[in-house]
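Asks: First, the structure itself, so that you have it in front of you.
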Amino acid sequence: MPLDLTALHEAELLRGALRGPWPPAVLRACRRALPRLLALPGPERLEFLRATAAAEEPEALAALDEAARDTRALAALDAAARARAQAALDAAARDTWAQAGLDAAGPDASWALAWETGERPTAFHVCPARHDGPVRAVAVGEFGGRTFVASGGDDHVVRLRDAFDQSGPDLEGLTASVRALAFGVVDGRPVLAGGDHDGTIRTWDPLTGARGFARETVAGHPSALAFVTAEGGRMLLAVAIGYDDHEIPTADGRVELLDPVTGELVRELRAEWDETMLDLAVATLGERTVLAALSYDTLYVWDPATGERFGTAELNDVWPDLENEGFAPPLLVGARNEIGVLVRIEHPPDYTVQSREAIYLKLDNLGDRARGRGFDRDQGPVAMTTHARRNVMLVANHTDTGRAWERPAKAVITYGGDGKDDVHLDADTRLITTAAFGSLEGGLCLATAGLDGTVQLWDAQTPHRHRRIGYGGSGLALFTTAQGAPALAVGTHSDTVLLVDAASGEKIGSVGCRQSGRGHDCDLSPYDHCCRGLAAGNAAGQPYLASSGCAAYGTMLWQPLSKIRGIARKGDATSGRVTFGTGGHSSPTALAFGEVDGRVLLAAGAEVWDPVTQECVARLPRWGFALSESAFGRAGDHQPALATRRDNQVDLWNPLTGRHLQVLDVDDTGEGLAMGRVAGRDMLAVGSGRYVHLWDTAAWERREWIPHTSTVTCLSLAEHGDRALLVTGTEDGTVTLWDAASQRRLAVLGAFARPVRAVAATTVRGSLHVYGQSRYGRVLAWRVAIP
């Protein structure tokens, strides 16, 4: 069936298309963009869908472009009739768009993806829910062809969402932090159960949102929930009882079996000691259903129909601090009547080297252990399940050692040693507190939730191999090579800055503290290496690159693509670098090159330097490390100006004297700072929350508009021909091109799965190229044609 994008003009047809016979990449792109697509008027949907495909599903671009050509050809047959119909369809959406202060007119520019580098596209995900605080529990259930995601946390609310259209109610009735959730089916009807930290257990009907029973535990609180079949096919709700570290259990460790309709206690399954029960799993042993529960050092297996304990396995080497890290040791229902447990292994002879391993215990002989996959001491499974008779686990680097470089933002869904490609997630594992596998249209999906209040639903089966260029993006900077070709410096949050050809994206070099051969070999975190701040420019006919971040060595200056990448200070020809300042607080994030009266200067935090003579030109009365951004431009009567940003304040300075010129108030939730010429006037652009403020620096008049649907994270001003352009990036991953003079949106270029870290634009061989970098390191380049 041909791809018919005319369906994108109606919300109901769009929802139907998500389950339609479209190419898989197009379906994934639709699902990624669904909330934004439904919020946009019809003419905008195809544009945003293409932007999503460019950033995350490039395989869908060809099909979308072909469909767009077919749509334009069809429109030409009867433009007037289609225009009338379209006006009626989009009236409500356009009104909503206008009320938000956004431009509902169609795009005024066309673009093509020029190149991409760094991380491959992320595994498909959507964000079905957001909470006002950390999320402690998540569950996935499938009923009647629909997949539901339930989540709860410190805001005391259980948010129930449809996985496709992300609609659903907020369920109330719990009065404390939600700690456990589970889906089940009772008498042919779906049931959602939840438990909070105060000991309340409650159920709801996920189809209607109606409340079921409510029950208070005698002592402790629910730490895990599971629906399990007992005698005669009767369904029971199993509740594992946990205690906080400062609490003393008042009775033996226990699992309560409740009637899921009335909440009455049917049976208690008792452990041998006063202990916390951490997790539950339901498995099959022969023709019998069994229930397994895990405490800190013991695995129990019961027959839920009779309460008989089948067996016990002592696991004294289970890692005792996992709960403190936000993870309960997971249980796995194996494909061969096995239970999987994560354990800590201490290696002789001194027992100071530790690792984590998954072990599998046979249900009919718990003393018989089989070793599974091993992990290093800071990695391990967060969630495990069995799918298509294969053990599947989410593996993440999730311990909090206080050293950020040991926790790269990386999570992997692995299928073990069966040759299947791993599925890589661009999930910040420092934030994940809980995860659960589930079914989505017969396939495997994964829900993750965490400290930032977001819930993410992932495709757990589509492999995405990463080509890592570092642990994440730390900025972009444009410069011109000695041969006059435009080039792009790409920060990687490691000890290397990549240099790529701006036209093709091909790597042409790199610089870094370890790459120079004569620079320092620092032991600090790659997050704190020489890519915390990044700037590039040209002086005396040569390109210069500045990077900072290593607290011991301040800001470093490089001549990229030259034999001597690091530039030696006068009288120190062996050091291979220039270090501005003495380290410590002299490692600023805010770096910028600018031209002042024909002289190229470098602003490094609160210091202004001449990169050629290495002279300190001026010092600002500010702490340099507290400044997050800086930009050169002009103010007043075309006098030179340096803009710096600190929290909710932007200051203007004379870069030659350090004299303070002006102070502006902005929203500290936004980012982005640039100066340039717009419509013949000197302007300052500032990201301020969801606004972009434009200041006329001669008259200090502020103009503002709200073109964004989420917080502005970066921006860049550029000139192309006689036109001033603005590029912005946002928290929701969108890269947008604007006409800076008219404030008209020209094109949505890309929609990353993660926030945008940096944007830049320049003219390459007569055509406009725009660059965007996500916070996790991927860089995309778009070739844009503006009529």
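Asks: Among the residues of the range 702-723, how many are in a loop (DSSP other than H, G, I, E, B) and farther than 23 Å from residue 638 by Cα? Show your work before the answer.
Replies: In the first step, residues of the range 702-723 are kept if they are in a loop (DSSP other than H, G, I, E, B); the result is 706-711, 721-722.
Those left that are additionally farther than 23 Å from residue 638 by Cα: 706-711.
Going through the range 702-723 one residue at a time, the tally reaches 6.
Asks: Right, next: I need the full set of residues from the range 667-696 which are part of a loop (DSSP other than H, G, I, E, B) and either among the aliphatic types (A, V, I, L, M) or on the phi < 0 side of the Ramachandran plot (or both), in order please. Before the answer, list the steps.
Replies: Our first condition is that a residue be part of a loop (DSSP other than H, G, I, E, B); within the range 667-696, this holds for 667-672, 679-680, 689-690.
Result: 667, 668, 669, 670, 671, 679, 690.
Asks: Name the single residue, out of those in the range 590-634 being closer than 13 Å to residue 537 by Cα and of a type in the set (D, E, K, R), that is surrounded by the fewest Cβ atoms within 10 Å (Cβ to Cβ).
Replies: If we take residues in the range 590-634 being closer than 13 Å to residue 537 by Cα and of a type in the set (D, E, K, R), then 595 is surrounded by the fewest Cβ atoms within 10 Å (Cβ to Cβ).
Asks: May I pose another question? Within the range 757-787, count every residue that is farther than 24 Å from residue 628 by Cβ, in contact (Cβ under 8 Å) with a residue 12 or more places away in the chain and outside any strand (DSSP E or B).
Replies: So the count comes out to 3.
Asks: A further question on this structure: Suppose we keep only residues that are over 21 Å from residue 590 (Cα atoms) and surrounded by 18 or more Cβ atoms within 10 Å (Cβ to Cβ) within the range 464-486. Which one would you say is modelled with the lowest pLDDT?
Replies: Looking at residues that are over 21 Å from residue 590 (Cα atoms) and surrounded by 18 or more Cβ atoms within 10 Å (Cβ to Cβ), I get 469.
Asks: When the residues of the range 736-760 are narrowed to those that are in contact with a strand residue (DSSP E or B) (Cβ under 6 Å, 6 or more places away or on another chain) and among the polar types (S, T, N, Q), which ends up nearest to residue 672 (Cα to Cα)?
Replies: The extreme case among them is 736.
Asks: On to the next question. Residues 582, 613, 574: which one is farther than 24 Å from residue 486 by Cα, modelled with pLDDT of 65 or more, more than 30 Å from the chain's Cα centre (by Cα) and outside any strand (DSSP E or B)?
Replies: 613
Asks: With 670, 676 as the choices, which residue is closer than 20 Å to residue 537 by Cβ, touching a strand residue (DSSP E or B) at 6+ places or on another chain (Cβ under 6 Å) and surrounded by 17 or more Cβ atoms within 10 Å (Cβ to Cβ)? Lay out the reasoning, then the answer.
Replies: On the way: 670 fails: closer than 20 Å to residue 537 by Cβ.
One residue alone meets the criteria, 676.
Asks: Regarding residue 112, is this residue touching an Asp or Glu at 6+ places or on another chain (Cβ under 8 Å) and aliphatic (A, V, I, L, M)? Show your work before the answer.
Replies: Details: touching an Asp or Glu at 6+ places or on another chain (Cβ under 8 Å): no; aliphatic (A, V, I, L, M): yes.
No.
Asks: Here's something else I'd like to know. Yes or no: residue 39 at pLDDT below 80, touching a Ser or Thr at 6+ places or on another chain (Cβ under 9 Å) and surrounded by fewer than 20 Cβ atoms within 10 Å (Cβ to Cβ)?
Replies: Numbers: at pLDDT below 80: yes; touching a Ser or Thr at 6+ places or on another chain (Cβ under 9 Å): yes; surrounded by fewer than 20 Cβ atoms within 10 Å (Cβ to Cβ): yes.
Here the answer is yes, as residue 39 does meet what is asked.
Asks: Between residues in the range 484-495 that are within 14 Å of residue 772 (Cα to Cα) and residues that are among the aromatic types (Phe, Trp, Tyr) and at pLDDT below 90, which pairs lie under 8 Å by C-beta distance while being six or more apart or on different chains?
Replies: The qualifying pairs are 492/471.
Asks: Okay, moving on. Looking at 784, 692, can you tell me which residue is of a type outside the set (Gly, Ala, Ser) and closer than 23 Å to residue 485 by Cβ? I'd like the intermediate steps shown before the answer.
Replies: Numbers: 692 fails: closer than 23 Å to residue 485 by Cβ.
Going through 784, 692 in turn, the sole match is 784.
Asks: While we're on this one: Identify, by number, the condition in (1) over 18 Å from residue 40 (Cβ atoms); (2) outside any loop (DSSP other than H, G, I, E, B); (3) out of contact with any helix residue (DSSP H, G or I) (no Cβ under 9 Å at 6 or more places or on another chain) that residue 699 doesn't meet.
Replies: Only one criterion is unmet by residue 699, namely (2).
The values are calculated or read from the model by the stated rules, or taken from the named source; none is laboratory data. Please read all numbers here as calculations on a predicted model, not as lab measurements. Don't worry about glycine lacking a Cβ; one is built from the backbone with ideal geometry, like all the others, and counts go over all protein chains shown.
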